[in-house]
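The values are calculated or read from the model by the stated rules, or taken from the named source; none is laboratory data. The structure displayed is predicted, hence computed values, not measured ones. Cβ sites come from the backbone with ideal geometry, for glycine too, and all protein chains shown count toward neighbours. With ligands, DNA and RNA removed, areas are computed over all heavy atoms of the protein, side chains included. Shrake-Rupley method; radii C 1.70, N 1.55, O 1.52, S 1.80 Å.
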Amino acid sequence: MFDDPEATIINQDFLTSTLIEDEKRGEPLFALSGKPGSLQSEIRAAILDPGVIDALAQSVAKYVSGSLTKEIVALKKKLQEKDREIMQLSDRVDELEQYSRRNNLRISPIPEKEGEDTDELVCRLAESVGVTLDPRDIDRSHRVGRKPDEGETRPRQVLVKFATYRQKAALVKARKELAKVDGATLFPDLSWPPPRSGAASRPSKKWTQRIYLNDDLTKPRSQLAARARELKRNSDIDDTRARDGIVVIKKNSSI
């Protein structure tokens with residue numbers, strides 16, 4: 001305890017009574033106004049001192065900046081981890097989807113005909129390259145994509161799912177023989193488009209309607225294969241093809 005009778009004890013009651021008196025005088029609470037030399041006046045002057053305000057502002061800014069920086073770094077780390085997880089999941093989903101297409105082939109271009117039997121078309125094509133195929137070896141076959149409008153000559157692809165992988169592999173193995181097959185001769189009952197300008201007029205090369213077999217790729221792999229074919233056309237690579245869902249690229253010897 002202080003023995004000085006004129007000493008002012010600052011406690012909760014003192015502050016409360018001071019604030020109440022300020023409010024009665026119409027001054028806002030915590031205004032800390034008062035007569036010159038009073039405690040309120042001294043506290044107010046100290047708080048409003050520019051040096052004190054700058055110091056407080058710098059301390060607050062430093063604390064907030066440091067706190068926000070740590071929080072931002074932590075959030076960025078979490079986002080990077082989530083991105084890696086999403087990439088891994090996307091790759092896994094793509095891998096599983098491609099595996100589900102393991103027995104599939106896409107055949108193009110074979111002109112469409114009303115009421116056609118795509119199983120019969122596939123079997124006839126297999127026979128032309130020396131592969132014996134029964135309709136029972138085909139799980140399912142059908143056209144895929146948007147149906148062509150009247151006047152369009154490019155037909156939709158035939159997607160065929162074989163009953164076993166061996167049956168698909170046998171046809172893929174004979175794929176090179178397709179270069180010798182003229183689609184217009186193999187399917188004379190179909191309406192084939194005329195040869196491209198100049199193709200039939202070259203005596204050194206007989207015009208034939210080529211038929212192609214391709215793996216049934218997922219969208220990301222199909223985009224990758226398209227990019228690889230573009231590189232081949234530009235002579236940036238020697239060759240490219242898809243084998244069992246894997247896009248293979250053969251580089252130029254000069255690369």
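Spin-label pair VAL52-ASP238: with each label point 7 Å from Cα along the Cα-Cβ axis, the two points sit 8.3 nm from one another. A simple spin-label model places the labels of GLU127 and ARG140 2.6 nm from each other, with each point 7 Å out along Cα-to-Cβ.
In the structure shown, the pairs LYS113/LYS173; LYS176/LYS250; LYS147/LYS176 are assessed against 22 Å; a Cα-Cα span above that value is assigned to LYS113/LYS173; LYS147/LYS176. Projecting the Cα atoms of GLN88, GLN58, VAL73 onto the charge dipole of region 50-116, computed from C-beta unit charges around the Cα centre, puts GLN58 farthest toward the positive end.
In the context of the full set of protein chains, residues of region 78-122 present 71 Å² of accessible surface per residue (probe radius 1.4 Å, heavy atoms only).
Computed from the Cα positions only, the extents of region 120-182 along the three principal axes stand at 37, 27, 16 Å, in decreasing order.
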